[in-house]
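Single-structure report; data block below.
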Protein chains: 2
Amino acid sequence: MTSALAPQSSPAKAPIRAIRVGILGFGTVGTGAYRMLEDNREAITRKIGFPVQVVRIGIRDPSKPRSLDAALFTTDLDSIINDPSIDVVLELIGGTEPAGALVERALRNGKHVVTANKELIAKHGSRLVHLAKSLGLDLHYEAAVGGGIPLVQPLKHQLAGNDLLKMVGILNGTTNYILTQMREEGADFEAALAEAQAKGYAEADPTNDVDGFDTAYKIAILASIAFGKQVPMDGVHREGIRSVTAIDMRYADALGYAVKLLGIVQPVDEDKVLARVHPTLIPKSHPIASVRGVYNALWLHGDFVGDVMFSGRGAGSDPTASAVIGDLIDVGRNMAVGGSGSAIPYDTGLKTASIDNLETGFYLRLRVQDRPKVLGHIATIFGAHSVSLAAMEMKTLSQGKGEIVFLTHPCQEKNFRAALEDLGAERMVEEISSSFRVEQAE
Amino acid sequence: MTSALAPQSSPAKAPIRAIRVGILGFGTVGTGAYRMLEDNREAITRKIGFPVQVVRIGIRDPSKPRSLDAALFTTDLDSIINDPSIDVVLELIGGTEPAGALVERALRNGKHVVTANKELIAKHGSRLVHLAKSLGLDLHYEAAVGGGIPLVQPLKHQLAGNDLLKMVGILNGTTNYILTQMREEGADFEAALAEAQAKGYAEADPTNDVDGFDTAYKIAILASIAFGKQVPMDGVHREGIRSVTAIDMRYADALGYAVKLLGIVQPVDEDKVLARVHPTLIPKSHPIASVRGVYNALWLHGDFVGDVMFSGRGAGSDPTASAVIGDLIDVGRNMAVGGSGSAIPYDTGLKTASIDNLETGFYLRLRVQDRPKVLGHIATIFGAHSVSLAAMEMKTLSQGKGEIVFLTHPCQEKNFRAALEDLGAERMVEEISSSFRVEQAE
């Protein structure tokens, strides 16, 4: 940290005539970034103060057809990070390795790095940002969270004076698309997933999205910035959306809620946060409830700013390219004035609270024997665990069965879990069909 | 512009131990900023890398009771901008003078400046930003637009690679509060204004807000950044909300629209924009339509990022303080690495198109003689001016009068105006009660 105290007066260098850029990875994001540099060349040059020149593009498969000059491409990624003429590396490969080693070596070779790699930053951000800072280099990663929506830098800069009291994000477009289809078309999870796959919004193996890993990386990055210490990934409680059904969507809707996969972070103590990703009922009156389809959004509450929301396209070639090029413009401006490396790194060591300590409302759907005494039994079990009820809907199914849906007032997570266990052991309760956490209106 | 090409290697200075700050103006925003520095001292110190020290506060009226040490205050504002120990001046006075002269002299004395002054930046931003840049200093003004919502810096940085295709803002909390009350409570303009004044949301002289000046300054600042040239204030078409009635609110609602005071900017040509502020019907499905009360929002569409929206509290002591302190944190980080003055100034000379050239839909309410032929007459007049109708509502008033509301398809503004003139001359049309522009769904 002390290095921040001494101005790093760089030795007088020759005037910069262009930023020389090497790109690692030329998939969706890489091609988008290249195209943006071409399409908006004049405006980008004006905004940086000098032109950007893509010197070399590192790829894995040289046999893929490409529309650009073949001389631009190489499969020798090392040749890019070792090229002394390259000022900035755009790491657009993804995943922790080899991307992590390449980023680290690029920094050690004196190159600024712009990356869209959420997994890498979520797991190794603190170390890499410290490394960049110690070398007087920029390491930017706006594209790692929320596609083109400015989130990372506003948290680092314009909102940095706030104590963050809560942060709620829809950070994965695939799951938001699936949940929107389930809500608006009445589709079940499997059908909505298949449609998302057919449209190219979901991958053949959808685990990273639908099981909440992607959202967990992203909310961890945002929380690490906001709280100034890296959120350990194993401290993020994570549940995906496979358990959400069209039936639950309909009940939630009737009760005044949307069901969203949310990443939520709250401080619970000095140096301790509760970070979680799970399907959540959120009141329709909350601004994030109306974020539809592949859109992403971040809602946050700071002690001075109050509540702020950002929304937009959270993924895709063009929006992600927008964030990458925005970062590149920043790198270029900093190079021009000798002001690189101004970001304050975040340390490690942030503690995370167990979800057991969460106080939240719950939605619960049960299949029961449709007999007069069942409600009394259930109410007794809830009461014994200090869980009080806020709303209930009941309907008779065929053959003497009933379905009951409860909303609880906020209660301790562990109390609710204990009540669930007792309900599971209760003869009149035939099935605990589903349960989800409920956010209160803000 | 060439100065951007040469790194400004600052001479080796003594390590920075604190940022020394002078505050000009200690009203709502100044007290908020001071309180934020006190309340969040530890986190702010960590995020900058060293502490902030408020050295001196310049005020006009020394007789006002203040809770702080009297030695902090001075009525001699010059003593602050001439104090060689002060690094950063927060200009929180507002208005063009004396604020403008103070900002300019503070810069010439080598001080970074953070300002919340929308009028000053809207009118003199290009000159002041050029001056700051030429001196290697930061001039930040996030708080001038949208209170605590990050708008200025995201446009300058994360979204800078985009060609902006459209920008639509609700940028004045007072008018949005009044319009929300009119819509939700059925209040008329005068009653809603009186209530806003009673609640402290509107000033005794509400002209600056309700006649659209405030919105015009703000949208001009955002457009100047986005298009890289200062929007001349006399090129911004401006209408306020005094003409909006509760009746129009109800018709708009029934037709599927909200009525909002919007600042809207679109490019129309190389180096030419159409910038306008007026009450507008906007489809309820547009995300900006649901921004209620004193909240502000900016919706924009960029060629790569697609559509992005930012919303939050656009005014008030604490949200505005959040933006001022965010800027101050940036100034501090740049000081630490010797990277001040990285912003690329915008020039003057942006051309603005006349509203006559706008192509937009219109809402029109007429009082007519309730006779069989009136509709035919009106339709003939519209047709003669190439204005085609999208929707109509008609109702009979008392005594043989009728009221008709039309929505037109997008047409040339000047054609619609010409049709209005002919309608005014038509004997069966007793009154042109109101007309507003209509935004299409995005």
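The values are calculated or read from the model by the stated rules, or taken from the named source; none is laboratory data. Quick caveat: nothing in here was measured; it's all calculated off a predicted structure. Cβ placement follows ideal geometry from the backbone for every residue including glycine, while neighbour counts extend to all protein chains displayed.
Would you check if residue B:62 is more than 14 Å from chain A (Cβ to nearest Cβ), at negative phi and modelled with pLDDT under 90? For residue B:62, the condition - more than 14 Å from chain A (Cβ to nearest Cβ), at negative phi and modelled with pLDDT under 90 - is met. Within the range B:211-235, the set of residues being surrounded by 24 or more Cβ atoms within 10 Å (Cβ to Cβ), of a type in the set (A, V, I, L, M) and more than 17 Å from residue B:269 (Cβ to Cβ) comprises B:216, B:219, B:220, B:221, B:222, B:225. Among the residues of the range A:323-335, those identified as more than 7 Å from chain B (Cβ to nearest Cβ) and either of a type in the set (Phe, Trp, Tyr) or out of contact with any His (no Cβ under 6 Å at 6 or more places or on another chain) (or both) are A:324, A:328, A:332, A:335. Residue B:49 - would you say it is at pLDDT below 95 and either surrounded by 14 or more Cβ atoms within 10 Å (Cβ to Cβ) or of a type in the set (Gly, Ala, Ser) (or both)? So residue B:49 passes the test. From the set of residues in the range B:238-255 that are surrounded by 15 or more Cβ atoms within 10 Å (Cβ to Cβ) and among the small types (Gly, Ala, Ser), which is farthest from residue B:169 (Cα to Cα)? Among residues in the range B:238-255 that are surrounded by 15 or more Cβ atoms within 10 Å (Cβ to Cβ) and among the small types (Gly, Ala, Ser), the one farthest from residue B:169 (Cα to Cα) is B:246. Looking at A:338, A:316, A:312, A:349, just one residue is within 14 Å of another protein chain (Cβ to nearest Cβ), farther than 30 Å from residue A:298 by Cβ and in contact (Cβ under 8 Å) with a residue 40 or more places away in the chain, and that residue is A:338. Apart from one condition, residue A:234 fits all of (1) more than 15 Å from the chain's Cα centre (by Cα); (2) part of a loop (DSSP other than H, G, I, E, B); (3) at pLDDT 95 or above; the exception is (2). Scanning the range A:1-18 for residues that are over 27 Å from residue B:47 (Cα atoms) and touching a Phe, Trp or Tyr at 6+ places or on another chain (Cβ under 7 Å), which turns out modelled with the highest pLDDT? That would be A:18. Annotation note: of B:436, B:362, B:416, the sole residue that is at pLDDT 95 or above, touching a Phe, Trp or Tyr at 6+ places or on another chain (Cβ under 8 Å), closer than 20 Å to residue B:239 by Cα and part of a helix (DSSP H, G or I) is B:416. Of the helices (runs of 4 or more DSSP H) lying entirely inside the range A:36-111, those containing at least 2 residues that are under 23 Å from residue B:162 (Cβ atoms) are A:41-48. For the range A:282-292, the condition of being without any contact (Cβ under 8 Å) to a residue 40 or more places away in the chain, out of contact with any helix residue (DSSP H, G or I) (no Cβ under 6 Å at 6 or more places or on another chain) and more than 25 Å from residue A:176 (Cα to Cα) holds for none of the residues. Residues considered: B:74, B:115. Of these, the only one that is surrounded by 19 or more Cβ atoms within 10 Å (Cβ to Cβ), touching a helix residue (DSSP H, G or I) at 6+ places or on another chain (Cβ under 8 Å), within 27 Å of residue B:39 (Cβ to Cβ) and of a type in the set (Ser, Thr, Tyr) is B:115. Kindly indicate whether residue B:407 is touching a residue at least 40 places away in the same chain (Cβ under 8 Å), touching a helix residue (DSSP H, G or I) at 6+ places or on another chain (Cβ under 7 Å), part of a strand (DSSP E or B) and not assigned by TED's automatic domain parsing to the domain that holds residue B:255. So residue B:407 passes the test.
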